[in-house]
Structures are given as C-alpha cells and as structure tokens.
C-alpha cells in the first residue's frame, strides 16, 4: 500500500467509515501521479470531499490547530511522505505517519 493510499484510507475512515481496499488500490494504481498531493486531492474529489492546499512554514503550523485532522507532507533529505496531524497544542503536533 502506498503512503498516499494509506493517508486517504485513514482520513476517510475517520470521516465516514470504510471504503473497500480495492477502491483505494484501483484509484492509486491508475493515477498518473499516484504518490503526490494531486493524487490525494483527486481521490477526495472522487469521494465528494472538498480539499484545500497550503504551503506553510514549520513554525506556522500552529495556525491550523482548529483544522485538525489534516494531511501534511514531510520532507527529509531525499524522502517525501504524507502524514496526518490529529492535534496541535502550544509546542507539539500529534501526527501519524502511515508507513
């Protein structure tokens, strides 16, 4: 299962319950940019869920504390992964990285 697929699965389950594993797999295997934010946005659009994208600095993530849960892209050296932020307090973001 791809990181993008797993993130979408977690968010969908928290919103409305399960979607069949085949639905995720078929969608992401057929998407031309399957491991990108575009694929995540396209999947949610297909599910009738509106999305927005923001580019923010690490220190400004606290501005999104009332918007949880939300998906983030974490970059480290040569690796980019998506995760889900569930809660933000004054100094800490509580997030899940489904790999």
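Values quoted throughout were computed directly from the atomic coordinates according to the rules given, and no laboratory measurement underlies them. What you are looking at is a predicted structure, and each value in this text was computed from that prediction instead of being measured. Note: ideal-geometry Cβ built from the backbone for every residue, glycine included; neighbour counts use all protein chains shown.
Listed options for Cα Rg over 2.2 N^0.38 Å are [x] 1.25; [y] 1.07; [z] 1.82. The value calculated from this structure is the one marked [y]. Using R₀ = 30 Å, calculate the FRET efficiency as 1/(1 + (r/R₀)^6) where r is the Cβ-Cβ separation of residue 38 and residue 91; round to 0.05. Computed FRET efficiency for residue 38 and residue 91 comes out at 0.40. Quick check for you: which residues of region 37-64 have the amide N under 17 Å from the point 7 Å beyond the Cα of residue 22 toward its beta carbon? None, by backbone N distance to the label point. Among 72, 15, 88, the residue with the largest mean-square fluctuation in a Gaussian network model of the chain, with springs joining Cα atoms closer than 10 Å, is 15. Contact order, relative form, for the chain: 24 percent (alpha carbon pairs under 8 Å, 6 or more residues apart, mean separation divided by residue count). Which residue, 40, 56, 11, has the most motion in a Gaussian network model of the chain that connects Cα atoms within less than 10 Å? Greatest mean-square fluctuation among the candidates belongs to 56.
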